[in-house]
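What follows is a short report on a single structure.
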Amino acid sequence: MGRGRPGATRDAAVQSTGDSSAVSKCSAAARGYVRDRFLGLLVGRRRRRRAPLIHRGYYIRTRAVDHCVQDFLLKTQSHSRTQILSLGAGFDSLYFRLKDMGLLSHTVVYEVDFPNVACQKATLIKGIKELSALVGDAGGEGLGAITFSGEDYKLLGVDLSELSKLEKALEKAGLDNEVPTLFLAEVVLTYMENSRSDALIQWAAEHFPQACFVLYEQMHPEDPFGRVMQQHFSQLNSTLHSLAQYPDREAQRRRFLQREWHLKCSHYFVLTAAKGMKPSWTPLLSHMAVPCGDGPVRMAGSVTASVCGMHSEAAGLRRYGHHSALIKPNVILTTGGFGEEDGQHCRMRNFHVLIKHEGCWKAGCVKKENCGKRWDGRLYHTVSCLSNSLALMVGGRTSPSSAALGMLWLKFPESCDALDSDGITVELVDLQPVAESAALRWRHSATEVTFRGEKYLFIYGGRSAMQPVLGDWYFLHTEELSCTVIPVEGPVPEGRHSHSACSWRGGVLIAGGLGAAEQPLGSVFFLREIEHGFQWQTVETHPPLIPRYSHTAHVHDEKLLLVGGVWFHSSSVPGLTVIDLMTGLCMDCMISVEHLEWPLMLHNHSSVFLPNEKELLLIGGGGNCFSFGTHLNPEPVSLSLSNILTSH
């Protein structure tokens, strides 16, 4: 896909991105994300299975582009002839799907790509009966750049950066400037030098009085995800030229006017432009209330992130989906997650301990003693410290369809004298089948609450192998390890996972999360103790809390601190949000990363708050950056919150 021509090596690199895209689309189709029986024929033996996140990304891409195409065909059905020009089409199956659906009764589809790509596709079509039968053969192959010619399908091999050659080839193939024309460019123009891609847009605007242009490209290059994305394409020798000059939707909008769209989705957009076409585009999913998140987020201050100076000692903390708990003063135990061990990405089987020694955080070793239980390397679990020598691990998963089994006691030395700067011994005790219904979940919360002087863990929300979102809860007695029925009044919050939960005044504060409709939530609830049970209460914030998920949270001096996460605002990434629980005042603060030499991704991370020092330690974080690889924050980061907590 995408076509510039600084040299043959670069052309080959750009072509490989098109091949990869076709394989990803084929993988998504094979697993039911999109309906397309033709992709497998065009991809052939190059098939590979991609990750679920990539499937979802290509579902959104295909859904958006198909909507625009079919909307164009619907709006122009009164015309005797229309045409679609697909730029950098690669091995895309759009023509065959439209033809099979009977939508091309008066439309001709023109596809353009590098000459060798077009020749390969033409050979495939001729050699596969199911494809050639749909196209037919009107002759004309070998005439200039035309590699295949059917009655309503023309395949041309031309470098898009050579505009004069492109124009002549299209004219010879029968493209008519006077009929309604849809231009398609899916991650194509960004690989061209900006002057050449701008000239292509200018040509379309000047020569086609009735035209629509659909552009699908990347945006937001400077935030952590964007930096990983750019690095990926640079390593492939396929630089994204458009990003520097046209970094967001507004810049792209101006680009077209002057010449007459969770985390991955906030870095791609679909732009539709029209000239001389009425009525205008029908919005995709116009019946759904999708938060736009276009406006800037007002930042009330900033806090500077600084590395802890551990370097190679922190290698064991390159992980996400883990849990970190302050098990003793100045001792942090990190368990589980997905990360890097011995140079391989895998579920993390090693525990990790940070010990503050003479004012500096240092890594120590952890010796696990398994008592009838092999550590399963789970992700998205919770660890709750119940005493100075005992913690309870609840839930988690070992794969997206496999919940971790049961609960585990984590036992460690009671006396601080048993600890040194070298490490700690942790004993694992299997508690299965204790409270199975409460434990078979992940991305949940487990928070200590008090009722009539007794301590309980309030296990809430999450997801399971059977249900994508849970809204139930359990009160687990911390000494008896049995679930107790305690009455709860008030309006029940919407089910959620990837939310935050903090103990406060004997109850629990729940904030944000991802709801059943896969929409980030901006609600804050307080489950407070009353005489005969608990009661849900809504915490009103002003301005309203920006919906988010996959963040962490802490309470200090009647203030709720929300750290990082994912939200829909494309203009910024979540930093630190401070909510005054007495007044409801909600303030967002930016986390300055000027002293970091790597992108700081604050989702799927853990954080530990040290109240005496007013220090927040951010551990791990990151994740799968679509098809660009996995980013892991390389070492812990410290935030000093003294100024923020004093001024707010």
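Miscellaneous remarks
- Each residue in the stretch 399-424 was checked for being open to solvent by 40 Å² or more (accessible area, probe 1.4 Å), at pLDDT below 90 and in a strand (DSSP E or B), and 2 pass.
- Of the strands (runs of 3 or more DSSP E) that lie entirely inside the stretch 103-218, those containing 2 or more residues that are under 34 Å from the mean Cα position of the chain (by Cα), of a type outside the set (Lys, Arg) and within 20 Å of SER21 (Cβ to Cβ) span 107-113, 181-186, 211-218.
- Close pairs from the stretch 295-317: first closer than 18 Å to SER606 by Cα and open to solvent by less than 40 Å² (accessible area, probe 1.4 Å), partner of a type in the set (Asp, Glu) and modelled with pLDDT of 70 or more, Cβ under 6 Å, at least 6 apart: MET310/GLU635; ALA314/GLU635
Listed here are the residues, each with its yes/no results for (1) open to solvent by less than 20 Å² (accessible area, probe 1.4 Å); (2) within 14 Å of the chain's Cα centre (by Cα); (3) of a type outside the set (Phe, Trp, Tyr); (4) modelled with pLDDT of 95 or more.
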| position | (1), (2), (3), (4) |
| --- | --- |
| ASN612 | no, no, yes, no |
| LEU618 | yes, no, yes, yes |
| ASN624 | no, yes, yes, no |
| THR630 | no, yes, yes, no |
| PRO636 | yes, no, yes, no |
| LEU639 | yes, no, yes, no |
| ASN643 | no, no, yes, no |
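- Boolean, GLY316 is at pLDDT below 85 and either part of a loop (DSSP other than H, G, I, E, B) or hydroxyl-bearing (Ser, Thr, Tyr) (or both): no
- Criterion violated by ASP430 - all others in (1) touching a strand residue (DSSP E or B) at 6+ places or on another chain (Cβ under 7 Å); (2) at pLDDT 95 or above; (3) among the acidic types (Asp, Glu) satisfied: (2)
- Once the stretch 219-242 is narrowed to residues that are in a helix (DSSP H, G or I) and in contact with a strand residue (DSSP E or B) (Cβ under 7 Å, 6 or more places away or on another chain), the residue that is farthest from ARG254 (Cα to Cα) is VAL228.
- Which numbered condition ASP557 fails, given (1) at positive phi; (2) at pLDDT 95 or above: (2)
- Unmet criterion (only one of (1) among the hydrophobic types (A, V, I, L, M, F, W, C); (2) under 20 Å from PRO224 (Cα atoms); (3) open to solvent by 50 Å² or more (accessible area, probe 1.4 Å)) for LEU585: (2)
- Some residue of the stretch 329-342 being in a helix (DSSP H, G or I), modelled with pLDDT of 70 or more and open to solvent by less than 60 Å² (accessible area, probe 1.4 Å): no
- Meets criteria (open to solvent by 30 Å² or more (accessible area, probe 1.4 Å) and either outside any loop (DSSP other than H, G, I, E, B) or under 30 Å from PRO400 (Cβ atoms) (or both)) for CYS68: no
- Residue in the stretch 487-532 that is least open to solvent (accessible area, probe 1.4 Å), counting only those that are among the basic types (Lys, Arg) and assigned to a loop (DSSP other than H, G, I, E, B): ARG496
- Matching residues in the stretch 16-63 - criterion: being of a type in the set (Gly, Ala, Ser), on the phi < 0 side of the Ramachandran plot and part of a helix (DSSP H, G or I): SER16, GLY18, SER20, SER21, ALA22, SER24, SER27, ALA28, ALA29, ALA30, GLY40, GLY57
- Number of the exception - ARG45 against (1) modelled with pLDDT under 90; (2) touching an Asp or Glu at 6+ places or on another chain (Cβ under 9 Å): (2)
- Residue selected from the stretch 506-550 under the condition farther than 20 Å from THR577 by Cβ and among the charged types (D, E, K, R), by the criterion nearest to the chain's Cα centre (by Cα): GLU518
- A single entry from ARG349, ARG374 fulfils the requirement of being assigned to a loop (DSSP other than H, G, I, E, B), at pLDDT below 90 and under 27 Å from the mean Cα position of the chain (by Cα): ARG349.
The values are calculated or read from the model by the stated rules, or taken from the named source; none is laboratory data. This one's a predicted model, so the numbers in the text were calculated from it and none came from an experiment. Here the Cβ is made from the backbone with ideal geometry for all residues, glycine too, and neighbour counts use every protein chain on show. We work out accessible area using only protein heavy atoms, side chains counted, and drop any ligands, DNA or RNA first. Shrake-Rupley method; radii C 1.70, N 1.55, O 1.52, S 1.80 Å.
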